[in-house]
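For reference, the structure discussed in these notes is given below.
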Amino acid sequence: MDELPGRAGVVVIGAGVIGCSIARELTRYTHDVVILDKESDVSSGTSKANNAEVHSGIGEKSGTLKQRLNVRGNQMYDDFVSGLNVDFRRQGLLIVITPRSLPEGLARYSPGFLCDFLNRRVLPRLIVRSGNRKGIPWLTVVDRDEIFRMEPNVTRDAIVGVHDRTYGLVSPYKLTIALAEHAVLNGARLCLDTRVTGIRTEGGAVRAVVTDAGEIECGIVVNAAGVYADEIADMAGAGGFRIHGRKGATLIFDREATREYVKGSVAEFRITGRKKRTSKGGGAMPTLEGNLQLGPTAIEVDDKEDTSISGDEIREIFDRFHYLLPDFPRDSVIAMFSGVRAPSEDEDFIIGASKEVAGFVNVAGMQSPGLASAPAVAEMVMQILHDLGIPRVKRAYFNQARPTPRMFADCERAEQEALIERDRRHGHIVCRCEQVTEADVVNAIHGVVPARSMDAVKRRTRAGMGRCQGGFCTPWISEILARELGVPRHEITKKGPGSELFVGPAKCLLDGASRRDGDGGAV
Amino acid sequence: MSKVRRPDCVVIGGGPAGLAAALAASSAGLDDVLLIERDIELGGILPQCIHDGFGSIVFKETLTGPQYAQRYVDELARTNVEVMLETIVLDLAPDRRITAMNSRDGLVDIEPRSVILAMGCRERTRHQVLLPGYRPAGVITAGAAQRYINIEGLMPGGKVVILGSGDIGLIMARRFTLEGATVEGVYEILDHPGGLTRNIVQCLNDFEIPLHLSHTVTFIHGPGRVEGVTVAAVDRERLPVPGSERHIPCDTLMLSVGLIPENELSKRADLRLDPVTAGPLVDERMETSVDGIFACGNVVNVYDLVDYVTHSAEIAGRGAAERVLEGRPRKAPVTVVPGRNVKYVVPQLVRSFERDIDFYFRVEHPEKAVRMTVKAGGETLGRRKAKMVHPPEMAMIPASVPGGGSEGVRELVVEVAPDAE
Ligand SMILES: Cc1cc2nc3c(=O)[nH]c(=O)nc-3n(C[C@H](O)[C@H](O)[C@H](O)COP(=O)(O)OP(=O)(O)OC[C@H]3O[C@@H](n4cnc5c(N)ncnc54)[C@H](O)[C@@H]3O)c2cc1C
Ligand SMILES: Cc1cc2nc3c(=O)[nH]c(=O)nc-3n(C[C@H](O)[C@H](O)[C@H](O)COP(=O)(O)OP(=O)(O)OC[C@H]3O[C@@H](n4cnc5c(N)ncnc54)[C@H](O)[C@@H]3O)c2cc1C
């Protein structure tokens with residue numbers, strides 16, 4: 001990775017989807033951009049652990065910034081990903097109205113025919129009308145038969161539905177990596193393993209960003225530090241808002257058991273009564289690769305690093321979807337993950353140049369739908385940065401494309417043969433579940449933003465994401481990583497320093513042996 | 001690409017099952033047998049099993065895993081079975097067409113006259129048992145730990161908690177201790193151990209490693225590397241008892257929570273699977289629901305002794321040879337039903353009673369002084385007595401139909417009952 005430079009035009013703090021979207025946008029106008037992140041890979045924060053939904057904006061409250069940016073972001077998505085070699089698919093969301101959709105109190109004390117009328121006639125039209133007013137096109141009411149034609153596994157209780165066709169899915173970490181690489185290809189510098197510890201200001205203006213790897217002078221700072229955006233803003237004296245953590249857990253199911261189990265995403269429409277609206281999202285979602293995902297939960301946490309999943313959360317997800325999808329394959333969970341949302345106190349995005357500190361721009365409170373809004377967030381922040389002096393004319397040389405090596409599993413037979421012909425290491429499968437080859441892994445390790453840990457390889461290649469969850473491929477991949485990075489095998493980590501896979505070479509714990517000496521790669 | 005190969009038989013997987021199957025097919029008269037193995041050497045899981053305890057039935061002596069495998073590898077070298085190493089089978093179609101791949105030949109098409117599946121099994125992961133907590137480094141399955149220490153020369157942990165008392169977990173408790181690591185204890189959610197008694201004695205008791213029955217891990221602490229686990233006692237429903245939680249600092253959680261047949265290719269070939277074993281349904285010749293595709297070893301069900309694996313493989317090898325050489329049409333099968341205190345039986349189907357058949361099965365719960373029988377209608381085809389049966393120890397009853405006739409037999413029932421005498 002890049003060494004920390006002494007100075008830069010703009011410093012973007014945080015290499016999540018938001019920071020990388022902004023950095024990529026910036027490189028259309030200037031190459032003098034530095035992206036900082038404390039972790040050893042991009043997309044190591046919330047951007048790696050979310051539900052991948054590019055919502056239409058239908059669930060957001062009218063008049064909020066996040067509603068506006070979500071609708072705009074969704075419209076921009078096809079252009080946003082073009083040239084990046086990232087899958088984005090508008091699979092659609094089916095919003096299902098059930099007897100549970102009306103608030104419990106209303107349903108209990110109203111005559112049946114009234115509830116029926118409300119559910120069947122009023123709710124779907126209300127949803128469509130309110131969506132149209134927010135600027136969302138292509139919302140259609142679907143009757144009960146059509147629901148089962150579209151999604152045969154949905155509860156027989158379904159009354160009527162609304163199909164939201166602009167809704168899509170994108171791989172959030174692949175997108176973030178692609179944006180980072182595209183920015184780097186266009187001149188941005190990326191400094192990982194670099195923690196911001198302070199912001200130096202002078203006369204009410206930004207002067208430098210202080211990190212554990214040294215100082216970097218700059219006139220403009222973009223604070224896209226996710227759950228830590230409040231702390232970073234406080235360092236500059238440009239804060240005054242608080243971000244709290246709200247954890248969300250998701251279960252992922254075996255593709256073999258759940259391919260086509262839901263064809264698009266499915267969510268149950270619920271009016272929760274008095275309870276205040278919180279983070280958006282939730283439902284049954286297919287991943288782009290075909291696994292069923294169920295989640296997420298929403299739990300307030302004190303610790304912003306709390307990416308654990310509790311037994312209660314697992315039970316909650318099972319109970320919740322027991323109704324919507326009565327016979328989902330409970331015994332086919334292959335993975336669970338959880339991420340921490342970054343809501344502000346009023347639940348809206350906080351985007352703007354600081355009034356106190358010139359050159360300091362906050363992009364905070366980026367909870368869901370942050371991923372869906374990313375293109376519009378970058379657009380909006382760019383306007384702010386132009387006002388702060390970034391030229392409005394595009395650079396003459398901007399590389400539109402971010403080429404990526406073809407992955408073996410993505411190819412048809414003839415192309416696979418050609419790949420092996422060109423690189424014999426494509427003939428060697430190292431991850432049997434996802435059919436990832438040695439050459440795929442080597443390419444990831446030597447990519448524009450190199451993969452240096454097991455999880456970094458996994459995010460780029462899918463190796464280890466299948467049903468054996470790395471049981472088969474970890475020995476191979478740790479060996480390839482060690483070989484390509486030129487380090488002993490026992491230094492290979494799962495996700496950066498502090499997550500070493502091994503305590504040392506064999507015999508290192510026996511009397512007389514010192515830990516971590518010699519090379520463990522005995523094969 | 002190069003031309004399509006059409007051997008008599010392809011064996012997929014070169015573990016003890018694949019080795020014995022290839023040998024049996026060859027000695028039963030098949031000239032053109034091809035054994036495909038994705039690893040760099042033959043033997044399957046055995047090269048990493050450096051402890052002894054293999055072969056007590058087949059060779060009447062106890063060998064280490066590598067020794068057991070080597071006997072078959074040596075014998076194979078004296079036949080004309082062709083071995084392709086470092087070659088993975090990517091696809092198997094219901095019409096037996098195989099796509100294999102290696103870095104030398106690229107993608108290879110094979111259309112064999114018979115196929116024997118011998119891909120072994122894989123380990124269940126923390127997610128499959130829905131273990132809550134963080135996702136740090138240091139959560140590892142027992143078989144993987146064994147591979148790291150014994151084959152790769154790497155030490156996966158220094159302070160280890162083990163969840164599950166399956167045999168591999170027990171073996172690894174001893175192995176970790178001998179390598180200088182501390183094993184804090186073995187936690188088992190059931191009220192009886194999952195592994196063989198001899199392993200409890202030799203691997204835990206001899207090293208003073210505590211075994212906590214009716215206990216489970218309720219949380220894995222992280223986030224970078226395992227920092228500890230929370231353990232708790234469980235009630236009859238296997239739910240944690242509130243207030244019984246204890247925090248144990250450790251850097252490794254090793255899981256020995258079960259094995260599942262490797263069934264990717266079985267599914268691709270549209271074989272009918274047994275929901276209990278998760279492997280394909282097989283008949284007395286180890287032939288699956290698809291004509292000409294046989295299966296043996298841990299791909300069918302997880303056997304606890306390698307000797308049984310070998311036995312099943314020899315039957316499959318002979319079956320495949322008969323199929324190719326004689327090509328008789330298959331008869332409609334009779335189903336074998338698990339009766340009282342029987343979890344599952346292999347084979348699940350019987351098409352012919354011409355030869356004696358060994359029925360392998362597991363009981364559902366431990367029971368003392370039992371009579372085990374195979375019955376067809378009112379008639380008893382085989383019986384055995386046992387002082388004690390446990391779920392972890394497979395039982396077997398040989399059975400035969402006098403005269404080999406099967407007319408009128410609708411279904412067979414295997415059952416375990418208290419011994420009246
Ligand atoms: C469970 C869950 C499901 C979600 N589902 C969706 C969805 O389906 N659709 C959707 O639109 N949104 C969804 N979201 C929200 C979405 O994930 C976020 O809006 C988005 O990822 C925010 O990106 P970010 O770049 O702001 O934050 P992050 O990805 O967290 O990036 C912030 C980065 O800043 C770095 N950083 C922090 N402090 C420092 C420091 N001191 N020095 C250096 N670097 C620092 C961090 O390491 C991190 O990499 C979901 C969120 C969760 C938790
Ligand atoms: C850790 C461990 C310890 C054990 N200890 C004992 C013991 O002490 N005593 C005892 O009697 N038994 C023991 N056993 C049981 C015994 O080793 C197994 O029952 C036996 O190895 C199973 O043989 P197999 O051939 O069915 O499977 P495996 O030995 O697993 O062999 C399967 C082979 O198939 C290959 N393969 C899989 N898929 C493909 C593909 N698509 N293409 C090409 N090749 C493929 C694999 O690489 C592997 O080599 C132990 C088992 C394990 C896992």
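The values are calculated or read from the model by the stated rules, or taken from the named source; none is laboratory data. Quick caveat, the model's predicted, so the values are computed rather than measured. When we count neighbours, we look across all protein chains shown, and the Cβ atoms used for this are built from the backbone with ideal geometry, even at glycine. Only protein heavy atoms, including side chains, enter the accessible area calculation; ligands, DNA and RNA are left aside. Shrake-Rupley method; radii C 1.70, N 1.55, O 1.52, S 1.80 Å.
Which whole number gives the average count of other chain Cβ atoms within 10 Å of the Cβ atoms across peptide B:103-112?
Mean number of neighbouring Cβ atoms from other chains: 3.
With no other cysteine's Cβ closer than 4.7 Å, which Cys residues of chain A count as lacking a disulfide-compatible partner?
A:Cys20, A:Cys115, A:Cys191, A:Cys218, A:Cys411, A:Cys433, A:Cys468, A:Cys508
Give the shape of chain A as rounded, prolate or oblate, defined through the alpha-carbon gyration tensor: a ≥ b ≥ c are the square roots of its eigenvalues, a/c under 1.5 means rounded, and otherwise the shape is prolate if a/b is larger than b/c and oblate if not.
Since a/c reaches 1.5 but b/c is at least a/b, the shape of chain A is classed as oblate.
Would you check the range B:331-421 for Lys pairs whose C-alpha atoms are within less than 18 Å, ignoring same-chain pairs closer than 8 in sequence, and give me the count?
Lysine pair count for the range B:331-421: 6.
So if I place +1 on the C-beta of Lys and Arg and -1 on the C-beta of Asp and Glu, and nothing else carries charge, what would the dipole magnitude of the range A:408-511 be about its Cα centre? I want it in debye, nearest 20.
Using only the charged Cβ atoms, the result is roughly 280 debye.
So which trypsin sites (Lys or Arg not before Pro) in the range B:248-352 end up in coil per DSSP with only 11 or fewer other C-beta atoms within 10 Å?
Here the trypsin sites (Lys or Arg not before Pro) that fit, given the DSSP loop and packing criteria, are B:Lys331.
Residue by residue through B:141-151, how many Cβ atoms from other chains fall within 10 Å of the Cβ on average?
Partner-chain Cβ atoms within 10 Å, mean over residues of B:141-151: 3.
Compute the longest continuous run of chain A that contains no exposed trypsin sites (Lys or Arg not before Pro); treat a site as exposed when its DSSP state is not H, G, I, E or B and it has at most 11 other Cβ atoms within 10 Å.
The longest uninterrupted stretch comes out as A:1-155.
Rounded to the nearest 0.05, what FRET efficiency do A:Val393 and A:Arg89 give with R0 = 35 Å and r taken as the Cβ-Cβ distance? Could you check?
Details: r = 34 Å, r/R0 = 0.98.
According to the calculation, E is roughly 0.55.
If you line up the long axis of helix B:306-326 against the longest principal axis of chain B, both from Cα atoms, how many degrees apart are they, to the nearest 10?
On a 0 to 90 degree scale, this one is about 20.
Please report the accessible area of A:Thr46 (heavy atoms, 1.4 Å probe, ligands and nucleic acids excluded) in Å², nearest 10.
The accessible area of A:Thr46 comes to roughly 50 Å².
Quick check: from the Cα gyration tensor, does the protein assembly as shown come out rounded (a/c under 1.5), prolate or oblate?
Prolate.
Using alpha-carbon pairs under 8 Å, 6+ residues apart, how would you state the relative contact order of the range B:125-257 in percent?
Details: 299 pairs, mean separation 45.2, N = 133.
Relative CO of the range B:125-257 lands at 34 percent.
How would you classify chain B from its alpha-carbon gyration tensor, with a ≥ b ≥ c the square roots of the eigenvalues: rounded for a/c under 1.5, else prolate if a/b is greater than b/c, otherwise oblate?
oblate
Helix B:65-77 sits at what angle to the longest principal axis of chain B, using alpha carbons and giving 0 to 90 degrees rounded to 10?
The answer is roughly 20 degrees.
Just tell me the longest site-free run in chain A, where the sites are GluC sites (Glu not before Pro) in a DSSP loop having at most 15 other beta-carbon atoms within 10 Å. All intermediate terms of the calculation are to be shown ahead of the outcome.
Values: sites that count: A:Glu3, A:Glu260, A:Glu289, A:Glu305, A:Glu345, A:Glu356, A:Glu412.
The longest uninterrupted stretch comes out as A:4-259.
For n ≥ 4 DSSP H runs only, could you compute -39500 (n - 2.57) per run for chain A, divide by its residues and tell me the 222 nm figure to the nearest 500?
Result for chain A: -8500 deg cm²/dmol, rounded to the nearest 500.
Looking at chain B, what % of its DSSP beta bridges pair antiparallel, to the nearest 5?
Approximately 60 percent, going by the DSSP bridge assignments.
Given the pairs A:Lys61/A:Lys355; A:Lys48/A:Lys247; A:Lys507/B:Lys60; A:Lys38/A:Lys495, which are separated by over 23 angstrom at their Cα positions?
Pairs exceeding the cut-off: A:Lys61/A:Lys355; A:Lys507/B:Lys60.
With all protein chains present, calculate the accessible area of A:Met454 using a 1.4 Å probe and round the result to the nearest 10 Å².
That residue has around 20 Å² of solvent-accessible surface.
Give me the accessible area buried between chains B and A, both sides summed, with a 1.4 Å probe, in Å² rounded to the nearest 100.
The buried area between B and A, both sides summed, comes to about 4400 Å².
If you count, for every residue in A:463-470, the Cβ atoms of partner chains within 10 Å of its Cβ, what is the mean?
That average works out to 4.
Pairing the Cα long axis of helix B:16-27 with the longest principal axis of chain B, what angle in degrees results, from 0 to 90 and rounded to the nearest 10?
Around 10 degrees separate the two axes.
Rounded to a whole number, what % of the accessible area of the range B:331-421 do carbon and sulfur atoms account for, probe 1.4 Å?
On the way: 2300 of 4650 Å².
On the range B:331-421, the fraction of accessible area on carbon and sulfur atoms equals 49 percent.
I need the GluC sites (Glu not before Pro) found in the range B:262-327, filtered to DSSP loop residues with at most 16 other beta carbons within 10 Å of theirs.
Working: sites: B:Glu262, B:Glu264, B:Glu284, B:Glu287, B:Glu314, B:Glu322, B:Glu326; in loops: B:Glu262, B:Glu284.
Here no loop site has a sparse enough neighbourhood.
Taking H as built 1.01 Å from N, whose amide H comes closer than 5 Å to the amide H of A:Arg341, not counting residues under 5 places away?
A:Arg246, A:Lys247, A:Gly248
Carbon and sulfur atoms: what percent of the 1.4 Å accessible area of the range A:410-520 do they account for? Intermediate values should be presented prior to the final figure.
Values: 2070 of 4240 Å².
So the carbon and sulfur contribution to the accessible surface is 49 percent.
Starting from the range B:59-164, pick out the trypsin sites (Lys or Arg not before Pro) whose DSSP state is loop and whose Cβ has at most 10 other Cβ atoms within 10 Å.
Details: sites: B:Lys60, B:Arg71, B:Arg78, B:Arg96, B:Arg97, B:Arg104, B:Arg113, B:Arg122, B:Arg124, B:Arg126, B:Arg147, B:Lys159; in loops: B:Lys60, B:Arg78, B:Arg96, B:Arg97, B:Arg104, B:Arg113, B:Arg124, B:Arg126.
Sites meeting the loop and neighbour criteria: B:Lys60, B:Arg78.
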